[in-house]
Amino acid sequence: MKFTCTTVLFWPFSMLLLLDKSQSSKTEVKYNFTEKNFSSIPVGISNNVTILDLSYNKITLNETDIKVLQIYFLLTDLYLIENNITILHNNSFSNLSNLEILNICRNSIYIIQQDAFVGLNKLKQLHLCQNKILQLNPDVFMPLNNLKLLNLQGNLISYFDVPQLFHLELIILYGNPWNCTCSLFNLQKWLKTSNVILENENITMCSYPDTLKCYNIKTVPYTAECYSKFVSSVTEDLYSHFQSISNSTFNSSLNNFTRNSEHEPLGKSWVFLVGVLVTVLMTSLLIFTAIKCPIWYNFLLSYNHRRLEEHEAETYEDGFPGNSNSLSQIADTNSEDTTVIFEQLHSFVADDDGFIEDKYIDTHELCEEN
């Protein structure tokens, strides 16, 4: 009797357990298409697939592949290891809202667009190891709110700013040519102050400069200059954060505070601006000179005076015998004598018709006088 009562009591719970197991077995649908020489993602897969392994094929993840992936919206695991992927386009996985593991290692990825991971709200593991990534914008990880593991091992990354991954627990960064100058100081501070674990920390070494090759990126010592730059960058980040949520009065006061606290030297943009202005002014001056030169030349040609040569001076002395006081005497004469002297001075000119050629005499007035 007791056994019967116990069975009756626990029967609903046993049925619930069996139901959960059956549901879990039904929801996990796995397809393995490794080494099938596929050049694109196959279409004839069941829409209920949850684990899809397409490793060791020739898939490029182009627009057609992206459209096919949208059909398999129940995917939780996607493996694209060692394919021919070079670019992760925007919204490549936008419809895979249930995806938790994405492994794209051993491809030739060198560009990851800004919205490549949009829609992966439940993603927990992202593997981008052994690709050709040179630069990586940390904002590309912003949609990954539940990411726990980020694998960037074996790329060509030398600089990586602090990623906005507040729930990250494990990060893999070894196998990259890290440049341990001040540019990597923010990453080191983030690794030390956050709860994230740097896997293989002892082999995540600096590659530049040569004097720091014996340090890993988490323990490399930095100078006081790097600390001052870090403080200024933190101030700028706080300013940009509070600016979006505060009023105009608070913004102006915070702006004054950041200006007083910054000690960074000005950039070289003003040098470029001055160079452009000087170039424009010089070009305008040259154009103005080129336009005005013919006018100035004609103007100066009308007043083309020159000094008397020696033979002209002798002719002048022959026409006016006497001592040097004759010049002063000539200056004392009236206007009529002056006219006579001028005519006598030019009497030696050949073919003189008795007229004085001057551009500034109005020809109309001359005609009326005649």
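Overview of results
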| item | result |
| --- | --- |
| Which of Ser92, Ser97 is most accessible, then next, and so on - probe 1.4 Å | Ser97, Ser92 |
| Estimated FRET transfer efficiency (Val280, Lys67; beta-carbon r; R0 41 Å; 0.05) | 0.20 |
| From phi via Karplus (6.51, -1.76, 1.60), per-residue ³J(HN,Hα) for segment 28-42 in Hz, x at Gly/Pro | 8, 10, 10, 10, 10, 10, 6, 6, 9, 6, 6, 9, 8, 6, x |
| Of Lys30/Lys58; Lys30/Lys148; Lys148/Lys218; Lys58/Lys148, those spanning more than 27 Å from alpha-carbon to alpha-carbon | Lys58/Lys148 |
| R0 of 22 Å, Cβ-Cβ distance Asn32-Asn200: FRET efficiency to nearest 0.05 | 0.15 |
| Heavy-atom accessible area ranking, 1.4 Å probe, most first, across Trp178, Trp270 | Trp270, Trp178 |
| Mean accessible surface per residue for segment 45-167, computed with a 1.4 Å probe while every protein chain stays in place, in Å² | 42 Å² |
| Gyration tensor (alpha-carbon) shape descriptor, segment 35-165, a/c threshold 1.5 | oblate |
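The values are calculated or read from the model by the stated rules, or taken from the named source; none is laboratory data. What you see is a predicted model, and the numbers here were worked out from it, not measured in a lab. Counting neighbours? That spans all protein chains shown, and the Cβs are built from the backbone with ideal geometry, glycine included. Protein only, heavy atoms only, side chains kept; ligands, DNA and RNA dropped before computing areas. Shrake-Rupley method; radii C 1.70, N 1.55, O 1.52, S 1.80 Å.
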